[in-house]
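See below for the structure under consideration.
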Amino acid sequence: MPAPTVLSFFDPATKSYSHVLADAGAGSCAVVDSVLDFDIKAGRTGTSGAERLIAAVRHRNWRVEWVLETHAHADHFTAAPYIRAKLGGQIGTGAQIPAVQQAFSKIYNLGSDFPLDGRQFDRLFADGESFRIGSLAVRVMATPGHTPACVTYVAEDTAFIGDTLFAPDYGTARCDFPGGDARTLYRSIQRILGLPPETRLYQCHDYPPDGREPRACVTVAEQRAGNVHFAGKNEDEFVAMREERDRTLEMPALLLPAVQVNIRAGAFPPPESNGVSYLKIPVDRF
């Protein structure tokens, strides 16, 4: 089997990682968790980060077969439609995305015109399903907890874990968004830690403490040995820690503007009569 090639791109504004997973020999690749720039003060989008990724793919003459999401992000906008328009590919995410759409459609009062079956995405992946990037086999693992629809993409010795785990010195994902559950997260983490110890776990975020450079990935062995949130804890201890910690966390700055876009596979709400698209902010809802 071909060894996966991975390129990673860090967005300092949102502390987000985008990745390109490639079968370099076949010239085929997938983009994972792309980021669209968004100036929340001006309400303006930008594509400088996405263009860096696009330039790297074009430089290598790779063909994009998939534009993948590990989940509907609450801390940045996906650039999936922009990537697809520039490079091609199908937008895919976890099969449980309708559960996230249903929860947030009520929060945003999206109405009956908003489909709640995931059709905004080109492909919904069920737990255990497989697909290919060139000749590279990719297996989908459902890893809910942060959201009901989180998935991990596993290719040989490489896995893309979204927000489920962060670097060992930062811990694990929060579980206090609609549909999140700390006990479910713990069990999803155990699935990931069941992968071989040398498996590279590519993260969607890194929040490095002072003096450490951002890390795109760590190994299963590193997570087992030293993750500050679960090393040495049983399930009940982890759940108690996670729920207590979540009660102290502020809302992500981009959650309210971003989620309503990300559950649409990155499409903004239809423009109104003046040609402008508007984002909804629920008042006194959280």
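Inter-part distance, segment 229-286 to segment 168-216, computed on C-alpha centroids, equals 17 Å. Rounded, prolate or oblate: which one fits segment 27-123, using the alpha carbon gyration tensor with axes a ≥ b ≥ c (rounded when a/c is under 1.5, else prolate when a/b beats b/c, else oblate)? It is oblate, given that a/c is not under 1.5 and a/b is not larger than b/c.
Applied to segment 84-100, the Karplus parametrisation 6.51 cos²θ - 1.76 cosθ + 1.60 on θ = phi - 60° returns per-residue 3J(HN,Hα) values of 4, 5, 7, 10, x, x, 9, 8, x, 7, x, 5, 8, 4, x, 5, 5 Hz, with x for Gly and Pro. If only the Cβ of Lys and Arg carry +1 and only the Cβ of Asp and Glu carry -1, the dipole of the chain around its Cα centre is close to 540 debye. Per-peptide packing, taken as the mean over residues of other Cβ atoms within 10 Å, places 42-54, 75-87, 217-229 in the sequence 75-87, 217-229, 42-54 from highest down. With contacts taken as Cα pairs under 8 Å and at least 6 residues apart, the chain reaches a relative contact order of 17 percent.
Highest mobility in the GNM of the chain, judged by mean-square fluctuation with C-alpha springs under 10 Å and restricted to A126, A155, A240, is found for A240. Calculate I(q)/I(0) for segment 5-262 by the Debye formula, one identical point scatterer on each C-alpha and no solvent, and give its log10 at q = 0.08, 0.11, 0.13 Å⁻¹ to two decimals. Taking Cα atoms of segment 5-262 as identical point scatterers yields -0.29, -0.56, -0.80. Can you tell me how segment 115-217 classifies by the Cα gyration tensor, rounded, prolate or oblate, using a/c under 1.5 as the rounded cut? Oblate, because a/c is 1.5 or more while a/b does not exceed b/c. Over the chain, dividing the summed -39,500 (n - 2.57) contributions of all DSSP H runs of at least 4 residues by the number of residues returns a 222 nm mean residue ellipticity of -7500 deg cm²/dmol. Specify whether the C-alpha gyration tensor of segment 102-158 places it in the rounded, prolate or oblate class, a ≥ b ≥ c being the square roots of the eigenvalues: rounded for a/c under 1.5, otherwise prolate if a/b is larger than b/c and oblate if not. Because a/c hits 1.5 or more and a/b exceeds b/c, segment 102-158 counts as prolate. The alpha-carbon of K86 sits under 15 angstrom from the alpha-carbons of these aspartates and glutamates, leaving out residues fewer than 8 places away in its chain: E51, E65.
Throughout, read-outs are computed from the coordinates displayed, never taken from laboratory work. Because the structure is a prediction, the values reported are computed rather than measured. Positions of Cβ are generated from backbone atoms using ideal geometry, with glycine treated the same way; all protein chains shown enter the neighbour counts.
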